[in-house]
1. Out of the residues in the range B:185-198 meeting the condition of being surrounded by fewer than 18 Cβ atoms within 10 Å (Cβ to Cβ) and in contact (Cβ under 8 Å) with a residue 40 or more places away in the chain, tell me which one is nearest to B:F235 (Cα to Cα).
2. Conditions: (1) of a type in the set (A, V, I, L, M); (2) assigned to a loop (DSSP other than H, G, I, E, B); (3) open to solvent by less than 20 Å² (accessible area, probe 1.4 Å); (4) more than 9 Å from every other protein chain (Cβ to nearest Cβ). B:A146 meets all but one. Number of the miss?
3. Looking at the range A:312-339 only, could you name the residues that are within 11 Å of another protein chain (Cβ to nearest Cβ) and open to solvent by 80 Å² or more (accessible area, probe 1.4 Å)?
4. Filter the range B:1-16 down to the residues that are open to solvent by 50 Å² or more (accessible area, probe 1.4 Å) and either hydrophobic (A, V, I, L, M, F, W, C) or part of a loop (DSSP other than H, G, I, E, B) (or both) and list them by number.
5. Output the residues belonging to the range B:68-84 that are facing another protein chain (nearest Cβ under 7 Å) and surrounded by fewer than 22 Cβ atoms within 10 Å (Cβ to Cβ).
6. Among the numbered conditions (1) at pLDDT 90 or above; (2) under 21 Å from the mean Cα position of the chain (by Cα); (3) over 24 Å from B:C51 (Cα atoms), tell me where B:A146 comes up short.
7. Restricting attention to the range B:157-182, and to residues there that are open to solvent by 10 Å² or more (accessible area, probe 1.4 Å), among the polar types (S, T, N, Q) and in a helix (DSSP H, G or I), which single residue is nearest to B:D105 (Cα to Cα)?
8. Taking the range B:57-92 as the region of interest, how many residues are under 30 Å from B:F121 (Cα atoms) and more than 21 Å from the chain's Cα centre (by Cα)?
Amino acid sequence: MPSWLAVARNEYRLMMSGKVTRRLRRVLPILLVSAVAAMAMALPLASRSLFLEFRIRGYLEDTLTLPLKLDPALLFFAVDTSYAWKMGALTGTLAFLIPIFAAIGRQLEEVEVVSKDMVLSSPLKPVHVLVGEFIVNLLMLPVILLVSTFMFIPVALSLYLTFQAVALIFVALTLASLTGIWVAVLISTYLFTCEPMGKVKSALKALLVILGVAMGTGIITLSTSTSAMPSGLWFLPPVWVASVIHFAVAQSNIAVVKLGFAYFLVPVQPDGWTGFTLLLALFAFSFIVGAAYLSRIKFTSIVEGKEETLIIKKENVFYRTIRKAFPSPLNVMVVSQLKEFTRKTDNVTRFASIIIFPLVILFMNRMMQSDVTSGELSMLFLSSFSGFYFVLAGVALPLMIIPYIFVDSKDILWMIKKTPKGTRLLVYSMLAEALILSVPMSIVLALLFYLAMGGIGNPAPLLAVLLFMVCVSTSIAVGVYASRPIFKEKGFGHFVNFTITFIATGIVVSAMLVLLVTPWVLNLIAIAPLLQAVSWLPQPTSIVIRQTLTYVATSVTPVDVPLQVTGTAASIILGAISIYISVKRSVRKLELYEG
Amino acid sequence: MEAVKTFNLTKFYGFRVGVENLNLEVLSGETFGFLGPNGSGKTTTVRLLNCIIRPTSGGAKVGGYDILSESEVVKRITGLLPEVPGVYERLTAREFLEFMGSLYDVPSAVLKRRIAELLDFFELGDRADELLEGFSKGMKQKVLLASAFIHDPEIVFLDEPTSGLDPISSRMVKDLVKMLASETNKTFFICTHILPLAEELCERIAIIDRGRLKEVGSPDELKEKYGAKNLEEVFLQVTGRNVSRDMIEWV
């Protein structure tokens, strides 16, 4: 077997070494490629039938498209084609960045688990490692295409996706993915040869987390925004992919953008073919640079870095204050846990990276043309903040801490369980630690969200609610992890725990919000059907009426005080009960944990 | 008086046997060796006797206290050096010992003095304020040994105490156990598969295999019983593990 193939096979085995994935080793590549082929065939066929059924009929019934009907060439553009562009930008970003993230992440782990001496003592040449890695990473290509196909289902529902369009979409995404994979392999080879030590490794991990959070938030914002196309981003490779995909779907470089109740024609920048040429050029450039780099690598010149010894003689004010704030021996436990968490650079950065959420939203909001009128912003702010961001921030904060506390206490758990009240103290200290870190972060987050949403309304009550939500979700997260402890840094178990925590927190927090908010916004709920009905009136009358109604509804002081007090009390009681049950369950389950 | 007494102590992990019907007596002040091949149930027994896990059936008394109903007292009077050298990597050695001492409610003035004494004894005094992540496996083992003694326990469980230690440190541990056993009437329960260590330190030994107790007695009694020259021969005969000649030739 050629050396590069042996490297590829070994990498693949490492990648698929989990309990479940091990069984799928042989069939997975075949399954993935078959699934992509099936989806590529099915999407245009389904799209055609849906297009004829819904789109044409919808077009004929849509009075707003009347001006466009005057020009037969624009007939099929009577729909917001910027949606195809948006999906293109999303899939393009994923195609470039996922391979890079995956490869760097794996390399940072491999430094720990695979002995470098084993590789270096074998007669391998750098080219073998590079080619082997590239081949195994090609597995990401069908995954990306498959994910993209699913993401294009909404496009297929509203626009006619032909076979040619799907083929062009796949070519663009393949070019982007191959470039991403190649760059990823080069980066991971570089990491292999320079062996990042201690702090550099932590910093790299941290950087990955920050980029990941930024990308995730950007994607969420882009996919959920009601905004149209951004301007001035023509130089970004995902935008080139988006331009090609828009051209493939709309067969034009002019995007039809729906802003408010009107359609506008916006030129796509760069145009489809320029985007394609730029993609090709980037692909070729990265391979040429890679080949040049490859010719210079020599495994014999690898030198291991050296760690610096850190000496800590005196405790700082932060720990001393916490030591005084809690009773003994809980204070020692909390301080020790905090030191263990905060002295690890990637833990802190991972946690702090949650600030990226509102910052990206702020950035995206500035970059994109909004179709939301100013009068509707207060409604949007309330609903976004109290709905999506509340739950997201409430769940995300504890989940940035709790799993890592468990990972860090992997080996010491038995020692703690051996001590007289160790398990109980461990649970209490985890809660305390998570709250000590989460509460200031919640305040910062709430204020940033407040600014990101335009600084409307009073942030004080929202902040109070957010803090209580964080307490509830933290205790739920501790409860879930104590019931199902996961001690590996990564793995499917974390996904399961995350899902359980997310669902449990979502249910409790949503119920609390309903109890808390409903008595205060009865007037808004009451006028909701009216707002809906008004939106069918011709412009600008509808906008004026909607804005006035919203303003009046949000400004009127609610009068039913007993109902508000009851709702608030019920919400607090529900939260308190959740905290009590979670903590009790955590202690019991962790006592019974046997590894 | 027995420091440890088990009654048909049994632990199953699903269908897999951890230990089965273990009946054992360790006398107070005795240095007791608990021998067995890898995966024979030594660590499970130690975890059961330290109330870290619960038995499937049967029971045990440690220091006269029941491991199920009086677990908190049992935990207070015992010290444990676990098999895996698990520490909080980003605490200093001093901080870690302070942490462990606090969990046993050692008064802070006493704790400070004991930490200094133990760190000096294990020759870690000059590295007391360094993060444990920079320590070698042997040095971490020393810190864990120190933590096992931090609350001055009556009964000390040492699971592979010399694992990862250099010959000097290993000698130091053996001398420590000998000294404490002779001068303080502490009971030592030592799990190991390093037979010379058991032979040198232990007054009596037990051999466990596949979760079942196979033999108990003093090293001399067992050697005589099996007509063996040393404990290694006894061990191989009791556990029935012999390296096949064919295998050696193949290698």
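1. Per the stated criteria, the residue is B:H193.
2. It is condition (2) that B:A146 fails.
3. Answer for the range A:312-339, where residues must be within 11 Å of another protein chain (Cβ to nearest Cβ) and open to solvent by 80 Å² or more (accessible area, probe 1.4 Å): A:K313, A:K314, A:S328.
4. Within the range B:1-16, B:M1, B:F7, B:F12, B:G14, B:F15 meet the criteria.
5. Filtering the range B:68-84 down to residues facing another protein chain (nearest Cβ under 7 Å) leaves B:72, B:75-76, B:80, B:82, B:84.
The answer is B:E72, B:R76, B:V84.
6. (3)
7. Residues of the range B:157-182 open to solvent by 10 Å² or more (accessible area, probe 1.4 Å): B:160, B:162-168, B:170-172, B:174-176, B:178-182.
So of that shortlist, the ones also among the polar types (S, T, N, Q) come out as B:162-163, B:170, B:182.
Still in the list and also in a helix (DSSP H, G or I): B:170, B:182.
Working: B:S170: 29, B:S182: 27 Å.
Applying the filter and picking the extreme gives B:S182.
8. Initial filter on the range B:57-92 (under 30 Å from B:F121 (Cα atoms)): B:62-63, B:72-92.
Still in the running and more than 21 Å from the chain's Cα centre (by Cα): B:89-92.
The number of residues fulfilling the criteria is 4.
The values are calculated or read from the model by the stated rules, or taken from the named source; none is laboratory data. Given the structure is predicted, the values throughout are model-derived calculations rather than measurements. Note: ideal-geometry Cβ built from the backbone for every residue, glycine included; neighbour counts use all protein chains shown. For the accessible areas, the whole protein counts, side chains as well, though only heavy atoms, and no ligand, DNA or RNA atoms are used. Shrake-Rupley method; radii C 1.70, N 1.55, O 1.52, S 1.80 Å.
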